[in-house]
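Chemist: Sharing a structure with you now.
The values are calculated or read from the model by the stated rules, or taken from the named source; none is laboratory data. Computed from a predicted model, the values in this text were never measured in an experiment. Here the Cβ is made from the backbone with ideal geometry for all residues, glycine too, and neighbour counts use every protein chain on show.
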Amino acid sequence: MISVSNIERFATRDGPGIRTTVFLKGCPLHCPWCANPETWQKEPVLMHMENKCVHCRICESVCTRHAISFEEKMFRIRRESCDHCGQCAEACLNSALSINGTYMENEAVLREVLKDLDYYRESGGGVTFSGGEPLFQKEAAVSLIKQAKESGLHVAIETTGVCEPSLLQQAEPYIDLFLFDIKHVNEEKLSAVTGAPFEIVQKNFEYLCEKRGGDVIARVPVIPGFNREDLDEILTFIKAHPVRAVNLLPFHNLGKTKWHQLQKDYAYEEASSLSAKELEPYRDELVTIGG
């Protein structure tokens, strides 16, 4: 069994051709700009859309664990008490509540992915495993990746690089393309802001570049106030390795509604999205702007 956040069909930004992106749950990082904070924990998580909530309080009445309350007419969830049974979401008249996260057998995941096999063959696409960190679920994730490859699919993985090197080495033979995040090369800053240990990121990145450099695309999410001012240093590090390409991904705040649905404070609430045009000076034969 593997914990899945979402399966997105007809994705076009997570590798070549038409793809299906499988978002797996669980991530060791806590990036404050994250577009998918619902994937941080492996377990299911309750999400609440305030703009749909009519404060009827039915959810409160059906919650057997008394995890839901309305304080000063605001929805509140005590997450330590919630067992994600889903009764509140089922009872919600306005679909303001939902549970993110489903445990699925590998075969069930692949049945969904293989529905679009003809599109993959025609476009050169396939499946991309993303997250969270897709290798967070360790052997369960490696098993799913292996089965996907054995099903004849082109397999890509979008990774933070924060996983046990031995685990990445187990998965590597079954992966055709690595979309590898390099968020920063300053160890202290990377660790303080995201929780990522640069030593592990560097070790995994260098292993893949040495063995499969032509199948590695380095991705840099360009975040104002975090790494926007340090792009020269980051690109110098990446270009010292034999990668296929470097993608600069301009910051956007499209994930902030998910932070609200989780009742988390979003650090980039007032930040404006970064335009691709601002990054044009960095474009060259290796560096592209956007996914």
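Chemist: Sort out which residues of segment 11-36 are over 15 Å from THR159 (Cα atoms) and at pLDDT 95 or above, and write them in order of number.
Modeler: PRO16, GLY17, ILE18, ARG19, THR20, PRO32, TRP33
Chemist: Can we say ARG244 is surrounded by fewer than 18 Cβ atoms within 10 Å (Cβ to Cβ), at pLDDT 95 or above, in the same structural domain as ILE175 (by TED's automatic domain parsing) and touching an Asp or Glu at 6+ places or on another chain (Cβ under 7 Å)?
Modeler: Spelling it out, ARG244 is indeed surrounded by fewer than 18 Cβ atoms within 10 Å (Cβ to Cβ), at pLDDT 95 or above, in the same structural domain as ILE175 (by TED's automatic domain parsing) and touching an Asp or Glu at 6+ places or on another chain (Cβ under 7 Å).
Chemist: In addition: Quick one: how many residues across segment 193-210 are farther than 15 Å from GLY161 by Cα and touching a helix residue (DSSP H, G or I) at 6+ places or on another chain (Cβ under 9 Å)?
Modeler: 0
Chemist: Still on this model: Has segment 115-123 got at least one residue that is closer than 16 Å to ILE18 by Cβ, small (Gly, Ala, Ser) and either modelled with pLDDT of 95 or more or outside the structural domain of SER166 (by TED's automatic domain parsing) (or both)?
Modeler: yes
Chemist: Can you tell me which residues in segment 229-248 are of a type outside the set (D, E, K, R) and either touching a Gly at 6+ places or on another chain (Cβ under 8 Å) or under 12 Å from TYR282 (Cα atoms) (or both)?
Modeler: Those that are of a type outside the set (D, E, K, R) and either touching a Gly at 6+ places or on another chain (Cβ under 8 Å) or under 12 Å from TYR282 (Cα atoms) (or both): LEU231, ILE234, LEU235, THR236, HIS241, PRO242, VAL243, VAL246, ASN247, LEU248.
Chemist: If you don't mind, another one. Can you report the number of residues in segment 198-212 which are in contact with a Pro (Cβ under 8 Å, 6 or more places away or on another chain) and closer than 16 Å to CYS27 by Cα?
Modeler: Count: 1.
Chemist: Checking the conditions here, which among LYS211, LYS183 is farther than 30 Å from GLU270 by Cβ, out of contact with any Cys (no Cβ under 6 Å at 6 or more places or on another chain) and not aliphatic (A, V, I, L, M)?
Modeler: So the residue among LYS211, LYS183 that is farther than 30 Å from GLU270 by Cβ, out of contact with any Cys (no Cβ under 6 Å at 6 or more places or on another chain) and not aliphatic (A, V, I, L, M) is LYS211.
Chemist: Turning to a different aspect of this structure: Among the candidates GLU112, GLU158, single out the residue that is of a type in the set (D, E, K, R), in the same structural domain as ASP14 (by TED's automatic domain parsing) and closer than 20 Å to PRO28 by Cα.
Modeler: So the residue among GLU112, GLU158 that is of a type in the set (D, E, K, R), in the same structural domain as ASP14 (by TED's automatic domain parsing) and closer than 20 Å to PRO28 by Cα is GLU158.
Chemist: Enumerate the helices (runs of 4 or more DSSP H) found wholly within segment 159-256, keeping only those where 1 or more residues are in contact (Cβ under 8 Å) with a residue 40 or more places away in the chain and either closer than 29 Å to MET47 by Cα or hydroxyl-bearing (Ser, Thr, Tyr) (or both).
Modeler: It comes to 187-194, 198-212.
Chemist: Still on this structure, I have one more. I'm checking my understanding of the structure. Among residues of segment 252-285 that are farther than 14 Å from GLU38 by Cα and aromatic (Phe, Trp, Tyr), which one is surrounded by the fewest Cβ atoms within 10 Å (Cβ to Cβ)?
Modeler: TYR282
Chemist: A further question follows. Please pick out the residue among GLY195, GLY132 that is in contact with a Cys (Cβ under 6 Å, 6 or more places away or on another chain) and either acidic (Asp, Glu) or under 18 Å from LYS25 (Cβ atoms) (or both).
Modeler: When all the criteria are applied, what remains is GLY132.
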